[in-house]
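The values are calculated or read from the model by the stated rules, or taken from the named source; none is laboratory data. This one's a predicted model, so the numbers in the text were calculated from it and none came from an experiment. Here the Cβ is made from the backbone with ideal geometry for all residues, glycine too, and neighbour counts use every protein chain on show. Side chains included, ligands, DNA and RNA excluded: accessible areas come from the protein's heavy atoms. Shrake-Rupley method; radii C 1.70, N 1.55, O 1.52, S 1.80 Å.
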Amino acid sequence: MRVEAEADLKALQATGLKKLKPDKPRIAVGLATCGAAVGGRKVYDRLREAIAREGAEIDLVQTGCIGYCREEPLVNITLPGKSLVILRKVTEADADAIVRAVLNGKVPEDKALCRVPAWDHVTGFVMEYGKGFDAIPLYQDVPFFAPQRKVILRNAGFIDPEDIGEYFAVGGYAAAWKALHGMEPEAIIAEVEKSGLRGRGGAGFPTGLKWRITRDAPGGAEKYLVCNADEGDPGAYMNRNEMESDPHMLIEGMIIGAFAMGLRHGLIYIRSEYPLAIERLGRAIGQAREYGILGENIMGTGLSFDIRIARGAGAFVCGESTALVASIEGRTGRPHPRPPRLTDPEGGLFGKPTDLNNVETWCNVPAIVANGSGWYAGIGAKGNTGTKVFSLVGKVDRVGLVEVSLGTPIRTIVFDAGNGGANGKKVKAVQTGGPSGGCIPLRLFDMPVDYESLNKAGSIMGSGGIVVMDEDTDMVDIARYFTGFATGESCGKCVPCREGLKHTLLLINRIQAGKASKKDLATLQEVCETIAATSLCGLGQTAPNPVLTTLAYFREEYEAKVRP
Amino acid sequence: MDSHALDAIIARYDVPDGRLLGILSEVQEQEGYIPHDVLVMLSEKLGVRLSRLYSLVTFYSFFSLQPVGEHMITVCMGTACHVKGAEMVLSALGKHLGIETGMAQDGKFAVTTEDNKFTVTIARCFGACSMAPVLSVDGNLYGYATPENLPAILAEFGWREHES
Ligand SMILES: Cc1cc2nc3c(=O)[nH]c(=O)nc-3n(C[C@H](O)[C@H](O)[C@H](O)COP(=O)(O)O)c2cc1C
Ligand code: FES
């Protein structure tokens, strides 16, 4: 069936809703990469066996991940007319008890994490599950969820990411319909500009402006639109979850962008370390084509746009825009100086102007179109609107994906959502922005998380990785770790990055070995500042950040290791 | 991999974008490495200079020119795994398998045991950081790895304590 009239979309939504909220019980197992790896797959298999054995009228499906990774495997139960209940740390041994309870109109309350009477899917649909299970805490009262605001992870953990029907059910593709049938491209770009959306890939470039530049660039429809799904920051995994849990929201965002910029070729450049995300995206693209949402004559508009997947092959630097283009073209991923930028004539993919945006940037677009720029601009802080998903990992008690409004203090993320250090240890610092970012000490935790504040502190937003360090973490070792990473990933083209980082690493190794003097600390500082000032691309320009911030905030740890 | 199998892969890539890396990735996945003769064949079939293919294979860490053992163990050395003790896991793994893991900073690191049973490599993050430290064996992820629980994981793949 092809979606050609608004009534088609409404009909598909109604059909999808019957799956999402059937008139019989539904059990959904969180099966993103992380849930599957900690036993979710086995839980799913045992549940299927138990349901078959009982001959029970129960729907069993998979969902993505709601982000509370510490409590995985997570299982949702929906009984007709009742609140949805999320079970935590479910094991194979629980399967029989779950099925029995469900058959009796109950849930195993000892396993319950929380209940959800209603869920706002943000793009215009609020799911009313129902009442009941009053003894189980409400979703919004769970400390991990309390400070969060879900805009990007609006469907994650609720819908089956492999079933486009469930995406229709929660209002999916209605924003694309609205944009393609009811808005001029210029109006869409204006909306994105007014929303204040900034690129979630790290630098925070205004998305609407980038779209406008691409739209105005020569080349007609033969320009490219690319999604950066390289997610190279080791310790960050929100893009993986966004693609695995809700691939259609990314596709919908790209369709709206393609229409606004007037182009027909889309690509997703994704790292090969994410096989499940690649599989689910591939499936989602196929489904969207079947429904006439991708391909020729999209939604009966005469517009053509399609998306292909290009895989990376394990090179951090390929997340950088010019290296990424080289990689898609089948060359080694070595950046070139900008300009020319990707959006310039001849600057992008195959010499065509190209718009490049991060996964999460695209995922915001349907929400902006559905609810308007005013709504979006009301979230977060001035100049830093909207929400951001952070992967809160390392030595923190509650690890997981935390989505908060921009401008939320670090303290709220690490202590309110994360509950501070794991095993009762004291938190010392967080590292944000991955190999390009810096370490921020505890005493600065009241700082709001926004692009400018993080930059001022010597770090960057990056893609949203937050790695927590505790009292046992050796900050010089962290500096050594990141320098080692950057040295290994340097493409070798420019001298400051290739040689400078190598010397930085040698210096830190000497410090760690107790063979350095105080003078070496001054040299370290100087070398790092030179690399930052003179490197060709963002990798080298930012690679010294971990060293420079630890030198600034944890100097005593360096000094304790050097001779006077 | 014979000429026929390679043609089948090439046929799946009818557009230029993502083509070379896509084809090479499929060869890597099917063979576990990129055999030299396949590289030569590919160069002839595509009319792409061998030196160019060679530079791709050596630049990207996903590719390997060395044959690998029966089972592939990949230890994550990403940030989350690093602060949670990945280095200890890797060195314990080295001890159990009797291989040297000191050079594991390099993304191209790969060592195979003498009996050809295991190849150990490193990764830069599987995106499963919540269960750090993480390792993967033949594509299956194992979270919360420790030097203590390694033997049980290895035993699933036919490794026995006394062997090394
Ligand atoms: C070394 C390096 C690595 C990068 N890695 C990524 C990445 O993994 N994902 C990403 O979206 N952007 C990455 N970027 C930023 C991109 O170059 C680019 O700014 C971004 O994809 C633009 O999208 P946005 O405007 O939506 O943020 C990286 C930049 C550099 C310098
Ligand atoms: S850092 Fe190891 S899985 Fe992400």
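When the Kirkwood radius is taken over all Cα pairs of the stretch A:20-142, what Stokes-Einstein diffusion coefficient follows at 20 °C and 1.002 mPa s, in µm²/s?
D, rounded to a whole number, is 150 µm²/s.
Ignoring ligands, DNA and RNA, what accessible area per residue does chain A give at 1.4 Å, in Å²? Don't skip to the end; give the middle numbers.
Numbers: 18870 Å² over 564 residues.
Accessible surface, normalised per residue, equals 33 Å².
Which whole-number percent is the relative contact order of the stretch A:384-470 (Cα, under 8 Å, 6+ apart)?
36
Bin by bin, in steps of 10 Å, what percent of the Cα pairs in the stretch A:169-243 do you find, going until the bin that has the longest distance?
15, 36, 39, 10, 0
Could you work out the relative contact order of chain A, using alpha carbon pairs under 8 angstrom and six or more residues apart, expressed as a whole percent? Before the final figure, lay out each step's value.
On the way: 1266 pairs, mean separation 76.2, N = 564.
Answer for chain A is 14 percent.
Which of the lysines could a cross-linker bridge to residue A:194, judged by Cα under 28 Å and excluding same-chain residues fewer than eight apart?
A:150, A:178, A:210, A:223, A:352, A:382, A:388, A:456
List the residues of the stretch B:70-85 whose accessible area drops by at least 50 Å² when all protein chains are present, compared with their chain alone, using a 1.4 Å probe and counting only protein heavy atoms.
Those residues are B:79, B:82, B:83, B:84.
In Å², rounded to the nearest 100, what is the total accessible surface buried by chains A and B against each other with a 1.4 Å probe? Walk me through the intermediate numbers first.
Working: alone 20530 and 9190 Å², together 26230 Å².
About 3500 Å² of accessible surface is lost on pairing.
Work out the P(r) tail for the stretch A:40-93: percent of alpha carbon pairs separated by more than 13 Å, whole number.
Numbers: 904 of 1431 pairs.
Percentage above 13 Å: 63.
Can you tell me the orientation of helix A:185-195 relative to chain A, as the angle in degrees between its alpha-carbon axis and the longest Cα principal axis, to the nearest 10?
Between helix and principal axis, roughly 70 degrees.
At q = 0.22, 0.24, 0.27 Å⁻¹, work out log10 I(q)/I(0) for the stretch B:3-59 with the Debye formula, treating every Cα as an identical point scatterer and leaving solvent out; two decimals please.
For the stretch B:3-59 at q = 0.22, 0.24, 0.27 Å⁻¹, log10 I(q)/I(0) is -0.83, -1.02, -1.34.
Which residues belonging to the stretch B:121-140 lose at least 30 Å² of 1.4 Å-probe accessible area when the assembly is complete, relative to their chain isolated?
Listed by number, the residues meeting the 30 Å² cut-off are B:124, B:125, B:126, B:127, B:129, B:130, B:131.
Where only protein heavy atoms count, and the probe is 1.4 Å, what is the accessible area per residue for chain B in Å²?
45
Report the label-to-label distance for residue A:518 and residue B:87 in nanometres (one decimal), using points 7 Å from each Cα along the Cα→Cβ vector.
Going from the residue A:518 label point to the residue B:87 one covers 2.7 nm.
Starting from the coordinates of the alpha-carbon atoms of chain A, obtain the Kirkwood hydrodynamic radius over all distinct pairs and give the value in Å to one decimal.
Every distinct Cα pair counted, the radius reaches 24.5 Å.
Quick one: work out the % antiparallel among DSSP beta bridges in chain A, nearest 5.
That works out to approximately 55 percent antiparallel.
Could you list the square roots of 5 times each eigenvalue of the Cα gyration tensor of chain B, that is, the equivalent ellipsoid semi-axes, sorted largest first and rounded to whole Å? Don't skip to the answer; put the middle values down first.
Values: eigenvalues 207, 58, 36 Å².
Each semi-axis is the square root of five times an eigenvalue, giving 32, 17, 14 Å.
Please determine, in degrees from 0 to 90 and to the nearest 10, the orientation of helix A:247-261 with respect to the longest principal axis defined by the Cα atoms of chain A, where the helix direction is its Cα long axis.
Computed tilt is about 70 degrees.
May I ask you to give the percent of accessible area on the protein assembly as shown that is carbon plus sulfur, with a probe radius of 1.4 Å?
In the protein assembly as shown, the share of accessible area belonging to carbon and sulfur is 51 percent.
With only Lys, Arg, Asp and Glu charged, each at its Cβ (+1 for the first two, -1 for the last two), find how big the charge dipole of the stretch A:475-559 is about the Cα centre; round to the nearest 20 debye.
On the way: 9 positive and 9 negative charges, 49 e Å.
The calculated dipole for the stretch A:475-559 is roughly 240 debye.
Of all the C-alpha pairs in the stretch A:1-62, what % are more than 14 Å from each other? Write out the running numbers ahead of the final one.
Values: 1241 of 1891 pairs.
Of all Cα-Cα pairs in the stretch A:1-62, 66 percent lie more than 14 Å apart.
Relative to the longest principal axis of chain A, what angle (0 to 90°, nearest 10) does the C-alpha long axis of helix A:6-20 take?
Long axis of A:6-20 versus the principal axis of chain A: about 90 degrees.
Compute for the stretch A:173-374: radius of gyration divided by Kirkwood radius, i.e. Rg/Rh, restricted to C-alpha atoms, rounded to two decimals. Before the final figure, lay out the partial values.
On the way: Rg = 15.5 Å, Rh = 16.6 Å.
With Rh from the inverse mean 1/r over Cα pairs, Rg/Rh is 0.93.
Can you give me the P(r) profile for the stretch A:351-451? Cα pairs, bins 10 angstrom wide beginning at 0, each as a whole percent.
The percentages, shortest bin first, are 14, 40, 29, 14, 3, 0.
Kirkwood Rh, Cα Rg: Rg to Rh for the stretch A:135-176? Provide the component values of the computation, followed by the final result.
Values: Rg = 13.2 Å, Rh = 12.2 Å.
Result for the stretch A:135-176 is an Rg/Rh of 1.08.
Among all the lysines, which ones have a C-alpha under 26 Å from residue B:117's C-alpha, if same-chain residues fewer than 8 places away are not counted?
Here the lysines satisfying the reach criterion relative to residue B:117 are B:95, B:108.
If the viscosity is 1.567 mPa s and the temperature 4 °C, what Stokes-Einstein diffusion coefficient in µm²/s follows for the stretch A:475-559 when Rh is the Kirkwood radius over Cα pairs?
D, rounded to a whole number, is 105 µm²/s.
Using 0.36 nm per residue of separation minus the Cα-Cα distance, give me the extension gain between residue A:560 and residue A:503 in nm, one decimal.
Full-extension gain reported as 18.4 nm.
Can you list the lysines whose alpha carbon sits under 20 Å from that of residue A:519, skipping same-chain ones fewer than 8 residues off?
Residue A:519 reaches A:502, A:561.
With the solvent-accessible surface defined on protein heavy atoms using a 1.4 Å probe, which residues belonging to the stretch A:193-240 display a reduction of at least 40 Å² in accessible area in the multichain context relative to the isolated chain?
The answer is A:234 - residues whose exposure falls by at least 40 Å² when every protein chain is included.
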